[in-house]
Amino acid sequence: MQKPAGIDELRRMSARVGSNILLTQAAGGNSSIKQDDVLWVKASGMWLADAEDKEVFVPISLSGARAALAEDDERMPLAPGHHSPLRGSIETSLHALMPHPVVLHVHSVNTIAWSVRTDAADKLAARLHGLAWQRLDYHHPGLPLARAVSESLARRPADVLILGNHGLVVGAQTCEAAEALVLEVERRLALPPRSAALADTTALAEICDGTAYSPVADQISHQLATDRHNLRLVTSGSLYPDHVIFLGPALPALVGGETLTARLAHTARAGLPAPIAMLIPGKGIVIRNDANAAAQAMLSCLVLVASRLPLRAQIKYLPAKAEQALLNWDAERYRQQMTASR
């Protein structure tokens, strides 16, 4: 099958965006380009950062995808004559319905930091003035989000979508224009991060002794536990989908004089899985030795978001129902399997 003239540009742009942790993390985010009746979209579970080194795009029938969307069917058909072991991105329906030739969806930390706030409406309006933009409430990824976007765009066209508790979507004529628009939104929404105390690595190593946990390698991530505001934010609830999918709802923390060994024993007696990561207040974070690169990237993303939230910001967390929908979602189980194999 002939590939679109812009596929190489899409690969280069995707790799650049995917290598910037402020924009995407692990297998999060996706990009696409349309040519005639073919939608080339990033495959589920693949990393945008790998776009120049691996086959990360899948050709989807554009008319077939739009027909499936009209029937509330999440199955996105491959373009005729093409076979692939990969699935289109979870957000393929979103890419298909947007009229722009190029669509780029990122989980940028600045946008997420704004999107979880209940008091951001006026500030967003001022910062994004002059752009064709809209803000949507949180919707479950996939078809529910695509339907909400479709209804919103029918009322008022937009090139920039701020997705509540999720991220940023832009549409443009070219890959260059899409990347430039993302960077412009980032510039306008930039928030200064707070700094925090360094991790107590000696204490963390002692805490992990005899367990299947180790201190997190990324030093910045420890600020989730060494900064009291960050600690309160991330133990109070879940901020966005990948937070739930790769780290579990909220994040657990040791309390009082509790030891990690005692906490893990209590978790096992309750028949619950050992948490991916555990916050040790005032000292840092420990992570399971079998945690994959995606989980570690999500911890890095989480601290980059939390450290940009003002101390008095009003936060809207994902409700428990939304968390359970994400945890029990077959499409996300598939994405995690693909991500783990990277």
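Any residue at all in the range 110-117 that's farther than 22 Å from ARG155 by Cβ, out of contact with any helix residue (DSSP H, G or I) (no Cβ under 7 Å at 6 or more places or on another chain) and open to solvent by 20 Å² or more (accessible area, probe 1.4 Å)? Taking every residue of the range 110-117 in turn, none turns out to be farther than 22 Å from ARG155 by Cβ, out of contact with any helix residue (DSSP H, G or I) (no Cβ under 7 Å at 6 or more places or on another chain) and open to solvent by 20 Å² or more (accessible area, probe 1.4 Å). Only one entry of ALA177, ALA199, ALA205, ALA225 meets the criterion of being touching a helix residue (DSSP H, G or I) at 6+ places or on another chain (Cβ under 9 Å) and either open to solvent by 30 Å² or more (accessible area, probe 1.4 Å) or assigned to a loop (DSSP other than H, G, I, E, B) (or both), and that entry is ALA199.
In the range 252-263 there is no residue that is touching a residue at least 12 places away in the same chain (Cβ under 8 Å), part of a strand (DSSP E or B) and within 24 Å of TRP329 (Cα to Cα). Please work out which residue is most open to solvent (accessible area, probe 1.4 Å), limiting yourself to the range 148-163 and to residues that are more than 20 Å from ALA177 (Cβ to Cβ) and free of Cβ contacts under 8 Å to residues at least 40 places away in the same chain. Among those residues, the one meeting the criterion is ARG155. If we scan the range 238-259, do we find a residue that is of a type in the set (A, V, I, L, M, F, W, C), in contact with a strand residue (DSSP E or B) (Cβ under 7 Å, 6 or more places away or on another chain) and buried (at least 22 other Cβ atoms within 10 Å of the Cβ)? Yes; the residues of the range 238-259 include at least one that is of a type in the set (A, V, I, L, M, F, W, C), in contact with a strand residue (DSSP E or B) (Cβ under 7 Å, 6 or more places away or on another chain) and buried (at least 22 other Cβ atoms within 10 Å of the Cβ).
The condition of being under 22 Å from GLY88 (Cα atoms), at pLDDT 95 or above and open to solvent by 40 Å² or more (accessible area, probe 1.4 Å) holds for only one of HIS129, HIS166, HIS139, that being HIS139. If you go through the range 289-299 and keep only what is under 12 Å from the mean Cα position of the chain (by Cα) and open to solvent by 10 Å² or more (accessible area, probe 1.4 Å), you end up with just ALA297.
The C-beta contact set for the range 234-250 (first residue farther than 12 Å from ALA26 by Cβ, second residue among the charged types (D, E, K, R) and open to solvent by 10 Å² or more (accessible area, probe 1.4 Å), distance under 7 angstrom, 6+ apart or interchain) comprises SER238/GLU323; VAL244/GLU323; PRO249/GLU323. Note on the range 56-138: enclosed helices (runs of 4 or more DSSP H) holding 2 or more residues that are within 20 Å of the chain's Cα centre (by Cα) are 92-97, 109-115.
The values are calculated or read from the model by the stated rules, or taken from the named source; none is laboratory data. This is a predicted model, so every value here is computed, not measured. No Cβ is skipped: glycine too gets one built from the backbone with ideal geometry, and neighbour counts run over all protein chains shown. Just so you know, the surface numbers come from the protein's heavy atoms only, side chains and all, with ligands and any DNA or RNA stripped out. Shrake-Rupley method; radii C 1.70, N 1.55, O 1.52, S 1.80 Å.
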